[in-house]
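*Asks:* Sharing a structure here in C-alpha cells format.
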Amino acid sequence: MSNKYKIALIKGDGIGPEIVDEAVKVLDAIASVENISFAYNEYLMGGCAVDVFDNPLPADTISGALNSDAVLFGAIGGPQYDSLPSEKRPEMGLLKLRKALNVFANIRPAVIFDELTEASTLKEEVVKGVNLLVVRELTGGIYFGEPREKKEDVAYNTMIYTRDEIKRIAKVAFEQAMQRDKKITSVDKANVLEVSKLWREVVIEMSKDYPEVRLEHMYVDNAAMQLIRNPKQFDVILTGNIFGDILSDAASMIIGSIGLLPSSSIGGKVGLYEPIHGSAPDIAGQGIANPIATIMSASMMLRDLGELKAADRIDNAIKDVLKEGYRTHDLANFDAKEVVSTEEMGSLIAEYATK
Ligand code: IPM
Ligand code: MG
C-alpha cells in the first residue's frame with residue numbers, strides 16, 4: 001500500500017504555472033521511486049480567478065484547498081489588476097486563503113548554498129554558512145486589522161495582535177528553535193508601537209517554558225541592518241506579519257536570488273506551500289524563471305506530510321544540480337557551467353532526485 005496524498009494545486013498568475021509545473025514534475029518523479037502517490041486537483045486564485053469569476057478566491061478554491069492534504073501554490077498578481085478595488089485584487093485572494101486555512105505560521109528558511117555564495121550581493125565571508133529561519137505571523141497584524149479604510153484624503157490600517165495570536169506564533173518559533181541552534185531573535189518596534197510592547201511581553205512569558213532557548217529582542221530597523229551586516233548571528237527570527245514580509249525579502253538577497261526561498265504556512269488542518277517570491281509578470285512565459293523555490297516548497301510539504309526520505313531526495317537533488325553547475329537565468333553569472341530553462345531545471349532535479 002502506498003501513501004496517497006491529495007494535493008490542491010493553485011498555479012496562479014505570471015510565472016506561477018511554469019514553476020508549479022516543475023514542482024509537479026519532481027513530485028511525480030519521486031512518486032515513481034518512493035512508496036507515494038499524488039492526486040492533484042487544480043484551482044484558480046488571484047488574477048486568473050478574477051478574469052473568470054470576477055473573484056480572486058472562488059468558493060470552490062477554498063473548499064478544494066480545505067479538502068486536500070496540502071496546497072501547493074505558485075504566485076499571483078500582475079499589473080493589469082493594479083487598479084482594481086482592494087477586495088478584487090489578486091493579493092486579497094491569497095490573504096483570504098491563508099485566513100480560510102488558518103495557517104497563522106509562515107516558515108521561511110534562508111539557507112545559503114555553498115555553490116552560490118558568489119551570487120549573494122554580500123561578501124562571501126559574510127554569507128557563507130548562513131542558515132536562518134523567519135517565523136512570520138501570517139493571519140493577523142496590519143494585513144488584517146480592522147478598521148481599515150481609504151477615503152479621498154485620508155486612509156488608515158490597524159496593526160493589532162491579541163495575546164493569543166502572539167502566543168501561538170511564539171510557540172511555533174520556540175519549537176522550531178529547539179530543533180535548531182536554540183536562539184530566537186524576536187523582531188518588533190517596541191520603542192514606538194503598543195502592539196509591539198504586548199508582543200514582547202508575551203514572547204518573554206513564553207520563553208519561560210523554553211529555558212534552553214536564548215531569546216533576544218531587536219527593533220525591526222536594527223534587524224534590517226543586522227541582516228545585511230552579519231546574517232550569521234541569526235537562527236530563528238520571530239516576527240509579525242508585515243515585518244516578516246519585509247525581512248524575508250531582504251533575507252533572500254543574502255542567499256543570492258529570491259528564486260531560492262521556499263515557505264510553508266502551517267497551523268491549520270491543511271498546510272500551504274509556496275515560494276516567497278511574486279508572479280514576476282515581466283519574465284512570465286519566457287522559460288527563464290527559477291523553479292527551485294517552488295520545488296523546495298514541495299519538499300517542505302513532503303516533510304510536513306511525514307515523507308522525510310522523499311523530501312531529502314529533493315533537497316539533495318537541488319544541491320547536486322547546483323554543484324554540477326546548472327543555473328537558471330537569475331543565477332547565470334555565478335559559476336554557471338550551463339544556463340538552463342525553467343523546464344530543464346525541473347527535469348534535472350527530477351532526474352537527480354530519482355538516482
Ligand atoms: C509574500 C507576498 C504576499 C504577502 C503578497 C503577495 C500579498 O509578498 O508572501 O511575501 O505580502 O504576504
Ligand atoms: Mg512578500
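*Asks:* Which ones in segment 291-314 are free of Cβ contacts under 8 Å to residues at least 60 places away in the same chain and open to solvent by less than 10 Å² (accessible area, probe 1.4 Å)?
*Replies:* Of everything in segment 291-314, those that are free of Cβ contacts under 8 Å to residues at least 60 places away in the same chain and open to solvent by less than 10 Å² (accessible area, probe 1.4 Å) turn out to be 292, 299, 311.
*Asks:* Does residue 36 qualify as being within 16 Å of ligand 2 (Cβ to nearest atom) and open to solvent by less than 30 Å² (accessible area, probe 1.4 Å)?
*Replies:* Spelling it out, it is not the case that residue 36 is within 16 Å of ligand 2 (Cβ to nearest atom) and open to solvent by less than 30 Å² (accessible area, probe 1.4 Å).
*Asks:* Then there's this: Collect the residues in segment 42-93 that are crowded, with 16+ Cβ neighbours inside 10 Å, closer than 16 Å to residue 270 by Cβ and not hydrophobic (A, V, I, L, M, F, W, C), keeping them in residue-number order.
*Replies:* 43, 61, 64, 68, 69
*Asks:* Given the options 228, 237, 166, name the one that is in contact (Cβ under 8 Å) with a residue 40 or more places away in the chain and buried (at least 17 other Cβ atoms within 10 Å of the Cβ).
*Replies:* Step by step, each of 228, 237, 166 is checked, and only 237 is in contact (Cβ under 8 Å) with a residue 40 or more places away in the chain and buried (at least 17 other Cβ atoms within 10 Å of the Cβ).
*Asks:* What pairs come out if I take residues in segment 266-285 that are more than 12 Å from residue 14 (Cβ to Cβ) and pair them with residues that are open to solvent by 30 Å² or more (accessible area, probe 1.4 Å) and within 16 Å of ligand 2 (Cβ to nearest atom) whose C-beta lies under 8 Å away, six or more apart or interchain?
*Replies:* Pairs found: 276/249; 276/258.
*Asks:* To continue, here is another question. Condition first: within 15 Å of ligand 1 (Cβ to nearest atom), closer than 14 Å to residue 264 by Cα and touching a Gly at 6+ places or on another chain (Cβ under 9 Å). Now tell me which residues in segment 274-317 satisfy that.
*Replies:* Those that are within 15 Å of ligand 1 (Cβ to nearest atom), closer than 14 Å to residue 264 by Cα and touching a Gly at 6+ places or on another chain (Cβ under 9 Å): 274, 275, 277, 293, 294, 300.
*Asks:* Also, I was wondering about something else. Inside segment 257-273, can you point out the residues that are at pLDDT below 95 and either among the β-branched types (Val, Ile, Thr) or more than 16 Å from ligand 1 (Cβ to nearest atom) (or both)?
*Replies:* Of everything in segment 257-273, just one residue is at pLDDT below 95 and either among the β-branched types (Val, Ile, Thr) or more than 16 Å from ligand 1 (Cβ to nearest atom) (or both), namely 258.
*Asks:* Do we find a residue being assigned to a helix (DSSP H, G or I) and within 30 Å of residue 333 (Cα to Cα) anywhere in segment 127-145?
*Replies:* Yes.
*Asks:* Within segment 264-295, track down each residue that is more than 16 Å from ligand 2 (Cβ to nearest atom) and assigned to a helix (DSSP H, G or I).
*Replies:* Those that are more than 16 Å from ligand 2 (Cβ to nearest atom) and assigned to a helix (DSSP H, G or I): 282, 283, 292, 295.
*Asks:* Here is a follow-up. Of 242, 254, which residue is of a type outside the set (S, T, N, Q) and within 14 Å of ligand 2 (Cβ to nearest atom)?
*Replies:* Only one candidate passes the filter, namely 242.
*Asks:* More than 19 Å from residue 353 (Cβ to Cβ) and assigned to a loop (DSSP other than H, G, I, E, B): is that true of residue 56 in this structure?
*Replies:* Here the answer is yes, as residue 56 does meet what is asked.
*Asks:* Sort out which residues of segment 50-72 are within 13 Å of residue 97 (Cα to Cα) and free of Cβ contacts under 8 Å to residues at least 60 places away in the same chain, and write them in order of number.
*Replies:* 55, 56, 57, 58, 59, 60, 61, 62, 63, 64
*Asks:* Then there is this: Which of the residues spanning segment 180-215 are assigned to a helix (DSSP H, G or I) and in contact with a Phe, Trp or Tyr (Cβ under 8 Å, 6 or more places away or on another chain)?
*Replies:* If the condition is that a residue be assigned to a helix (DSSP H, G or I) and in contact with a Phe, Trp or Tyr (Cβ under 8 Å, 6 or more places away or on another chain), then 195, 198, 199, 206, 207 are the ones that fit.
Here's the yes/no breakdown for (1) surrounded by fewer than 19 Cβ atoms within 10 Å (Cβ to Cβ); (2) in contact (Cβ under 8 Å) with a residue 60 or more places away in the chain:
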| residue | (1), (2) |
| --- | --- |
| 127 | no, yes |
| 134 | no, yes |
| 138 | no, yes |
| 142 | yes, yes |
| 146 | yes, no |
| 155 | yes, no |
| 160 | yes, no |
| 170 | no, yes |
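*Asks:* Considering every residue within segment 307-328, establish whether at least one is among the aromatic types (Phe, Trp, Tyr) and either within 16 Å of ligand 2 (Cβ to nearest atom) or assigned to a loop (DSSP other than H, G, I, E, B) (or both).
*Replies:* No, every residue in segment 307-328 fails to be among the aromatic types (Phe, Trp, Tyr) and either within 16 Å of ligand 2 (Cβ to nearest atom) or assigned to a loop (DSSP other than H, G, I, E, B) (or both).
The values are calculated or read from the model by the stated rules, or taken from the named source; none is laboratory data. The structure displayed is predicted, hence computed values, not measured ones. FYI the Cβ positions are ideal-geometry reconstructions off the backbone, even for glycines, and counts take in every protein chain you see. Accessible surface is based on the protein model in full, side chains and every heavy atom, while ligands, DNA and RNA are left aside. Shrake-Rupley method; radii C 1.70, N 1.55, O 1.52, S 1.80 Å.
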